1. Using the basic label-point model (7 angstrom from Cα toward the beta carbon), what is the Val152 to Glu53 distance in nanometres?
2. Taking Cα pairs under 8 Å and at least six residues apart, what relative contact order does the chain come out at, in percent?
3. Tell me the mean residue ellipticity at 222 nm calculated for the chain from its helices only (DSSP H runs of n ≥ 4, each -39500 (n - 2.57), averaged over every residue, nearest 500).
4. Using a 1.4 Å probe over the heavy atoms of the protein chains, calculate the carbon and sulfur portion of the accessible area of the chain as a whole percent.
5. Using a basic spin-label model with each label point 7 Å from the Cα along Cα→Cβ, how many nm lie between Phe99 and Arg163?
6. Averaged per residue, what accessible area in Å² does the chain show with a 1.4 Å probe, protein chains only?
7. Residues of region 76-98 with the amide nitrogen closer than 14 Å to a label point 7 Å from the Cα of Ser111, along Cα-to-Cβ, please.
8. Using a 1.4 Å probe and ignoring any ligands, DNA or RNA, find the accessible area of Asp79 and quote it in Å² to the nearest 10.
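The values are calculated or read from the model by the stated rules, or taken from the named source; none is laboratory data. On a predicted model such as this, the values are computed, not experimentally measured, just so you know. Every residue, glycine as well, gets a Cβ built from its backbone with ideal geometry; the counts of neighbours run over all protein chains shown. For accessibility, only protein heavy atoms count, side chains too; no ligands or nucleic acids. Shrake-Rupley method; radii C 1.70, N 1.55, O 1.52, S 1.80 Å.
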Amino acid sequence: MNNAVAVYPGSFDPLTVGHEDIVRRSLGVVERLIVAVAETATQAKSGLFEIEERVDLIREVFADEPRIEATSFSGLLVDFARSREARIIVRGLRAVSDFEYEFQMALMNRSLWPEVEVLFMAPSTRHTFLSSSLVREVGRLGGDVTDFVSPVVKARMDRAFGRDAATHG
């Protein structure tokens, strides 16, 4: 581990159990992980939570792990990583469809900062199909997202959709 610091960037809107899996497993490879919420989405998405609320949710979910830091960033990811002395970027790959985009981003980041390494991690099999946008849509349409997000995230989603968490799912 040699005191390696990594950044796991994303929108995390909402943070799913798939994200949690990648975060916790990353700690087997790095000493410290910065979960960084991008203030500017790289792909057009309709948001559920404001940036600071996402950061707060990440802090709540990982309150038991002092090696995890949650923050937001704007601008280029490599500039943020360099400013935090994080030479590793963690990315989750759910399916082959993720690979081309992530591979292009990894090559671009390496061309901008040759010292950065990108660590691709496959999710646990049971989380392969999960995406924030899918979970957001299921929640928005009244579906039960209990198996896809932590209880604290589910409670916030229920509130955001104007539902009483005790009576829904």
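1. Taking the simple label geometry, Val152 and Glu53 are separated by 1.6 nm.
2. On the way: 251 pairs, mean separation 47.0, N = 169.
This gives 28 percent for the chain.
3. On the way: 6 runs with 64 residues, N = 169.
The helix-only estimate for the chain comes to -11500 deg cm²/dmol at 222 nm.
4. Values: 4690 of 8850 Å².
Carbon-and-sulfur percentage of accessible area, whole number: 53.
5. Between Phe99 and Arg163, the label points sit 3.6 nm apart.
6. Details: 8850 Å² over 169 residues.
Solvent-accessible surface per residue comes out at 52 Å².
7. none
8. It works out to around 80 Å².
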